[in-house]
1. Could you order ARG100, ARG190, ARG113 by accessible surface area, starting with the largest, using a probe radius of 1.4 Å?
2. For the residue pair GLU45 and THR137, what label-to-label distance in nm results when each label sits 7 Å from Cα along the Cα-to-beta-carbon direction?
3. In the Gaussian network model of the chain, springs joining C-alpha atoms below 10 Å, which of LEU172, LEU112, LEU86 carries the largest mean-square fluctuation?
4. So how exposed is LYS79, as accessible area in Å² (1.4 Å probe, rounded to 10)?
5. Just to be sure I understand: of the beta bridges DSSP finds with both ends in the chain, what percent are antiparallel, rounded to 5?
6. Excluding ligands, DNA and RNA, what is the solvent-accessible area per residue of the chain at a probe of 1.4 Å, expressed in Å²?
7. Charges on Cβ only, +1 for Lys and Arg, -1 for Asp and Glu, centred on the Cα centroid of the chain; of LEU36, LEU215, THR182, which one is farthest towards the dipole's positive end?
8. R0 = 30 Å: FRET efficiency of THR121 with GLU209, Cβ-based, nearest 0.05?
Amino acid sequence: MVVGKLYMLDLSPPARAVLLVEKALGIELEHIIVDLFKSEQNSAEYKQLNPQHTVPCYVDEDGTIISDSHAIMAYLVGKYGKNDSLYPKDLAKRAVVDQRLHFESGNVFPTLRVMVFPMWTGGEKCPTPKQIETLNTQYDFLNKFLSGKPWMAGNTVTIADFSLISSISSLLHMVPIDSKYTDLLAWVKRCEQLPYYEANGKGARAFKEFVKPFLIQ
Ligand SMILES: N[C@@H](CCC(=O)N[C@@H](CS)C(=O)NCC(=O)O)C(=O)O
């Protein structure tokens, strides 16, 4: 049974994070493609749903409208999860997940956006030395967040992993992860082995092809 509508595009990392939650929860969402190449996100109709004109945006069966992947993921787990393991109710555990989510939202995704937006709109090449430096600092933080644990917030997979793998599996095609970040590289492989990983994998491969012509060799 379809429980809501997801406005999305496979190429978009935050949209893919929600696709991972959909599969992990075993729910079904109606996928409505918003073609960013045709600027469909700027239509009056879409801006009515999401004035920020970004994907993903979610419309629940009860009419609730939510934009921003992090908010959508938390909502879906709260409403449709059989338990709270993907987004724990325990305050201390939740705070760790939230910190990782905010790190994605405030640090990692903006790094991706700064590289992709000029490429998208003006055909600019990337990554610049500064962008490489910024991203390596973020890889370093993520490696430290893991510090030997299997998942970003500890021993259990959470929505923090879905959020971060959606952007990291895209960024690593622009700035490869150095072999010294062993925990981070092992985490990427672990994510790829999730039974529902293809929800992100398909779009991540499309992203790789999209950025290829714009990479500074
Ligand atoms: N923090 C937001 C980022 C959403 C976002 O910026 N999406 C991009 C695609 S990856 C977009 O829709 N850009 C179109 C625009 O800004 O007009 C989220 O997690 O949902």
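1. ARG113, ARG190, ARG100
2. About 4.3 nm separates the two model spin labels.
3. LEU172
4. 80 Å²
5. 55 percent
6. Dividing the accessible area of the chain by its residue count gives 48 Å².
7. Of the listed residues, the answer is THR182.
8. Working: r = 19 Å, r/R0 = 0.62.
So, using R0 = 30 Å, E works out to roughly 0.95.
The values are calculated or read from the model by the stated rules, or taken from the named source; none is laboratory data. Predicted, not measured: the structure shown is a model, and the values here were computed from it. Neighbour counts run over all protein chains shown; Cβ positions are idealised from the backbone, glycine included. Surface areas here come from the heavy atoms of the whole protein model, side chains and all, with no ligands, DNA or RNA. Shrake-Rupley method; radii C 1.70, N 1.55, O 1.52, S 1.80 Å.
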